[in-house]
Structure formats: structure tokens, C-alpha cells
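Beneath this line is the structure, given in C-alpha cells, with notes to follow.
The values are calculated or read from the model by the stated rules, or taken from the named source; none is laboratory data. Predicted model, so just to flag it, every value in this text is computed and none were measured. Methodologically, a virtual Cβ is constructed for each residue, glycine included, from the backbone with ideal geometry; neighbour enumeration extends over all protein chains shown.
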Amino acid sequence: MTSSTTPVGTTAHISDPAQAQRRILRVLVASQMLSGAGLAAGVTVGALLAQDMLGSTSLAGLPSALFTAGSALTAVAVGRISQARGRRPGLATGYLTGAIGSAGVITAAVLDNPVLLFIALFVYGAGTATNLQARYAGADLAQPGHRARAVSTVLVATTLGGVTGPNLAAPTGRFAERFGIPDLAGPFMLSGAAYALAALVLALWLRPDPLLVARAVARAEEADAPAHPAAATTVVDASEGRGGVVLGALVMVLTQLVMVAIMTMTPVHMHDHGHGTAASGLVIALHIGAMYLPSPLTGWFADRFGRMKIAAASGIALLVAGVLAAAAPGDSVALLALALALLGLGWNLGLVSGTAIITDTVPLATRARTQGMVDVSIAIAGATGGMASGIIVAATSYPALALAGGVLSVALLPAIAATAYRR
């Protein structure tokens, strides 16, 4: 339930929400640049660290499953905190929790304690959930015809940290060894610092709070509606209604499942074919760059040509990525990099279009809570993909996993076609 009292720091900005939106996007961009490094560092070496501790490939997907499961719990918490108190406390709390998880991973590596590692990776997942939740904050004050572009602006900011983080895996590993810390835990030193700084940036400068301002603007427009009925007309997107929530969630869930499954086992696959941390870091960096860098163009296309077409393009891109990853020789870094780049692009198309569908559909009164619950589904899908990936590779092969993921992504197309037909 929202408070009837206008939050502190909101009133002065109700008359110019566009100005508030520009400031909010600047702060979100800064925090996402930092959090991107925290997200990417753990993704690069998490599976390798578990494999090194356990001596088994079959559980190498467990770290990805754990921090995506942790992100599911955090998505609920961040959504509820944001619903009750605004985006700033919700996002800052999530990033701070991710920093604590990073510290726990480092401690587990030093103690060579797999149980502590798995607990810490679960907590570390808070950073992943928060990184995704931040995209909703960018759309709170955006006009309906610009929401996908606002989401994209926040997402693309993750690129710098996301590309830099994996390429610092080897240097941070050497740095960690100087302090008696295993080299594979080095990237988590970077992620802990990055998440902590992102939390600080949001706590200090995400003012006014975008969700609270959006609610205040909506209340002001409702109060003004009887006097100016023409001005009360609202642009309603075609995805309005329960069907929009279901479709938006399905798009993001399937793209997350396929992306996490293939991405998680790629460093392990490369390691098994003699490639070092630097090579796998480069491939993951290109993958994460493709996840976020195309965002401005994706957002423009989604606003210009419609969410459905971009969602369909996501399924096609993921299919091509899966087939290419399956066909690529294990010693070909170039082909694996191209496959992972296409995988990232498919995820980007799905996330931007799915997020826009959800934001267009859900009213402000329940927006943050619903978005949090949708992200729970996304996180569970990621956890499932991460857990299943190691088991599938151990039972069959990496090419079989990649091909299965590509084929699964095609399921998006009939769902999109059926929704479009009903409209």
C-alpha cells in the first residue's frame, strides 16, 4: 500500500518529471557500470572455482544455479522494499548483499570449504538480481513511447563493467595470490568492491526516487483529471492485460534459461580443450558485451516496430547461437566467441522487449512487486539452466547442451504468434 503523503525529495520534481528522469538515468548509469564488473567477474570463474574445489565437472554448473537461486530470493526482497519505500533503498540493499556474498566466496576459497562456497554464492546472487531490477527504475518516469529506450540506457551502462570484469580475471587472480588467496577467487575481490561502490552511489545520489516520483505524478494527474478530462487520456499499449504479463515473463524466462545454461559451461568446455583463463575471459567479455551493448538500438527498435517483433528476433538469435556453439570445434576461440556473442544478443533482445511488455502492462500501484515476482521466475529459470548444464554436459557433451538450448528457444515463436493473433 502506498502512502498518501508525498515522499521527501519528491515534491519539487513533480512539475518537471523529465528533468528528474535525466538525473535518475545518470545515477543509474554510474551504478550499473560498477555493478557490471561485479556481475561479470563471478560469472567468469564461478564454475571453474567449484570444479577446482570438487574435482568434478558434473557439479560445475552448481555455482551458476546457486547465485541465480539467490537472485530469485533477492528479486522478491528488492521488489517488496522498492514497492514500500522506493527504488533507492531496494537497489542499494541488493548490491550491498552481493558485496557480502563476494567476501564469503573469498573466505571459502581460502579455507577450501565447498559448503561455505555454495552458501556465499547464494548470497552473491543478490548482485545479479539487483543489476536486473535496476532496469525497471529507468522506465518508471519514461513516457510510454520511450520506455524500451530508457530500459536500454540502463542496460547498456553495464557493458563497461561487464566487458572489463572478465578480462581482469587473470590480473586479479595474480593479485589475490600475493595475499595467499587462490587465484580463482581473485575476481570476487573485484566484484565485492564493485557491488559495494554501486550501493554507495545509489544510496547517496538516486534522488529523487523514480518510483516515488512516478506515483506522485500519477496522483497529481488523477486529481487534475475532473478539471481536464482530455489530458487524462492514457496511451494504452497493445500488451495491456494479463496476457501481456504472461508473454513478457515467458520471453524473459526462456531467454534466461537458454543463455545461462550455455554460458555457464562454455568456460569449462574451453578449459577442457586446453584454453586458459585469459581466453575464456575474452569469450565471456564478448558475450556480456553483446548482452548489453546493443541495448540502445534494441530499445529504439522495440519502441519503433513493437515489442513482439523484437521478442521473435530473440528466439531466432538464440537458435543460431546454439547451433553455432554446438558446431564450433573446441579449439576455435573465434567461433565460440561468435556463438557466445549471438547468445548475448538473443538475451538482450528478449530482456528489453520482455521488460517493456511488463512495464507497459502493470499499473504503478503494483508495479515494483509484480516486477520483482517476474524476476523471480527469471532467476529460477537461470538456476535451472545453471544446474542442468553441468549434468547435461557430464552425461552427453557441450555441443548437445548448446543444440538443446537453441532448439528450446524456438518455443518463443508460437507463443508470440498466438498472442499477436488474439490481438
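One table, with the values for the structure above:
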item	result
So T128, is it in a helix (DSSP H, G or I), modelled with pLDDT of 90 or more and either out of contact with any helix residue (DSSP H, G or I) (no Cβ under 9 Å at 6 or more places or on another chain) or closer than 20 Å to G79 by Cα (or both)	no
Residue list for the stretch 71-98, restricted to those being surrounded by 23 or more Cβ atoms within 10 Å (Cβ to Cβ) and modelled with pLDDT of 90 or more	V78, S82, G86, R87, R88, G90, L91, G94, Y95, T97, G98
Test: residue in the stretch 216-227 that is under 20 Å from the mean Cα position of the chain (by Cα) and at negative phi	no
Condition check for A120: buried (at least 24 other Cβ atoms within 10 Å of the Cβ), modelled with pLDDT of 90 or more, more than 23 Å from Q19 (Cα to Cα) and among the hydrophobic types (A, V, I, L, M, F, W, C)	yes
Which numbered condition P187 fails, given (1) farther than 24 Å from V29 by Cβ; (2) not in a loop (DSSP other than H, G, I, E, B)	(1)
Residue match in the stretch 329-351 (condition: free of Cβ contacts under 8 Å to residues at least 12 places away in the same chain, assigned to a helix (DSSP H, G or I), over 24 Å from A142 (Cα atoms) and not charged (D, E, K, R))	yes
Residues that are surrounded by fewer than 24 Cβ atoms within 10 Å (Cβ to Cβ) and hydrophobic (A, V, I, L, M, F, W, C), drawn from the stretch 292-316	L293, L297, W300, F301, F305, M308, A312, A313, I316
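Residue-wise test of (1) modelled with pLDDT under 95; (2) crowded, with 24+ Cβ neighbours inside 10 Å; (3) in contact with a strand residue (DSSP E or B) (Cβ under 7 Å, 6 or more places away or on another chain).
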{"position": "A249", "(1), (2), (3)": "yes, no, no"}
{"position": "T266", "(1), (2), (3)": "yes, yes, no"}
{"position": "D272", "(1), (2), (3)": "yes, no, no"}
{"position": "H287", "(1), (2), (3)": "yes, yes, no"}
{"position": "L324", "(1), (2), (3)": "no, no, no"}
